[in-house]
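Shown next, in structure tokens, is the structure this report addresses.
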Amino acid sequence: MARSERECLCSGAANDIPRLIRGLAADAGRRIPLAGTLNFRDVGGYPTADGGTIGWRRLLRSDALHRLDGDAAVVLAKLDLRTVLDLRTSEEVRIAPSPPDGLIPPGAVTTHISLVGEDLTALPADLDGIYRFIVDRRGAAIGAAVRFLAKPGGLPALVHCSAGKDRTGIVVAFVLAAVGVPDQVIAADYALSGRYLDPTQTPAIGRVRADTGMGDRLTEALMASPPELIAGILARVRQQAGTIEGYLTSHGVTAAELGALRTALVTGGPGRWPGDGDDCAAGGRGRVGAGRAASEGRRDDCHGSRRA
């Protein structure tokens, strides 16, 4: 018998992140094969704490798009994109220009919001330091990115940077957390980049070194995507602001925009825990019950924040 939602979301067994990663990677339609990219994927299908589900083909994430060719237009057209959010620096955009407008579906609005400022060489040398710098000092940029995604008619949206891992990972994590996706699932989604950007199995590190202009300063260690890193950043933000929503509103996102984003992203049906089998402790595909969380006022004990 499937466990209750609270047991699924909060039990120690549900923190089997490697099992969750395998479940996410196995989802049909998760990774979208688009020639010229390595890390183009959908965050659909993830359960929310109140029994909803992130809709498929509403929020997508990717590495840089400059290697796309004419064949990509067919794939992109099917996605019906309304928003393309480029989180790279101006120098990265100069080195690796975004694809011609003909490859982006008509009607899609593209904007650039550099999540780290304009000097990649001024960033800390380690991943944890980079992430702390972004959330501690670049909150206005995070807020601007979320507001851009929340604008009326803004979805489906594609968020990307050079690797589709760090800057994209932070913005997507904040969006998912703000609409109620459990931290375990967010961490597993973030860690999927490690599969698709493995420097021992893919040309990712060479590509990103060239695309960012960082060269050998971009080490293999900086290409990692450990799930505990993004989980720790979410915890850091909650220590500072109480909730992810509180952090975002302190950086310019309105409650109305957060509500609009949730309405656009989340479907009403109950989600499921990504993975195999029926037991959520095994990362299973059992449904996440909607009624109980709604009736309890929904104190999310997994990370101590109350949802509206």
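Brief remarks follow.
- Cross-chain or 6+ apart pairs with Cβ under 7 Å, segment 177-201 first and of a type in the set (Phe, Trp, Tyr), then assigned to a loop (DSSP other than H, G, I, E, B) and at pLDDT 95 or above: 196/39
Per-residue answers, yes or no, for (1) under 20 Å from residue 98 (Cα atoms); (2) of a type in the set (Val, Ile, Thr):
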| site | (1), (2) |
| --- | --- |
| 167 | yes, no |
| 171 | yes, yes |
| 174 | no, no |
| 187 | no, no |
| 191 | no, no |
| 194 | no, no |
| 207 | yes, no |
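- Residue 140 buried (at least 20 other Cβ atoms within 10 Å of the Cβ) and modelled with pLDDT of 95 or more: no
- Qualifying position, being assigned to a helix (DSSP H, G or I) and over 11 Å from the mean Cα position of the chain (by Cα), among 208, 185, 172: 208
- Members of segment 232-260 that are among the polar types (S, T, N, Q) and within 22 Å of residue 155 (Cα to Cα): 249, 254
- Entry remark, segment 43-54: residues being within 16 Å of residue 157 (Cβ to Cβ) and surrounded by fewer than 23 Cβ atoms within 10 Å (Cβ to Cβ) number 1 in total.
- Going through (1) in contact with an Asp or Glu (Cβ under 9 Å, 6 or more places away or on another chain); (2) in a helix (DSSP H, G or I); (3) at pLDDT below 95 one by one, residue 121 falls short only on (1).
- Members of segment 61-81 found to be under 18 Å from residue 38 (Cβ atoms) and small (Gly, Ala, Ser), listed by number: 62, 64, 72
- Residue among 190, 196 that alone is among the hydroxyl-bearing types (Ser, Thr, Tyr), modelled with pLDDT of 95 or more and under 15 Å from the mean Cα position of the chain (by Cα): 190
- Exactly one residue among 57, 67, 19, 3 is surrounded by fewer than 23 Cβ atoms within 10 Å (Cβ to Cβ), in contact with a helix residue (DSSP H, G or I) (Cβ under 9 Å, 6 or more places away or on another chain), outside any strand (DSSP E or B) and modelled with pLDDT of 95 or more, and that residue is 57.
- Selection within segment 152-201 - over 22 Å from residue 76 (Cβ atoms) and β-branched (Val, Ile, Thr): 170, 179, 181, 185, 186, 200
- Selection status of residue 65, in contact with a His (Cβ under 7 Å, 6 or more places away or on another chain), in contact (Cβ under 8 Å) with a residue 12 or more places away in the chain and under 19 Å from residue 161 (Cα atoms): yes
- Flag for residue 109 being buried (at least 18 other Cβ atoms within 10 Å of the Cβ) and either over 20 Å from residue 190 (Cβ atoms) or of a type outside the set (Lys, Arg) (or both): no
- Screening residue 165 against (1) part of a helix (DSSP H, G or I); (2) modelled with pLDDT of 95 or more leaves a single unmet condition, (1).
The values are calculated or read from the model by the stated rules, or taken from the named source; none is laboratory data. Since the model is a prediction, treat every value here as computed from it, not as a measurement. Positions of Cβ are generated from backbone atoms using ideal geometry, with glycine treated the same way; all protein chains shown enter the neighbour counts.
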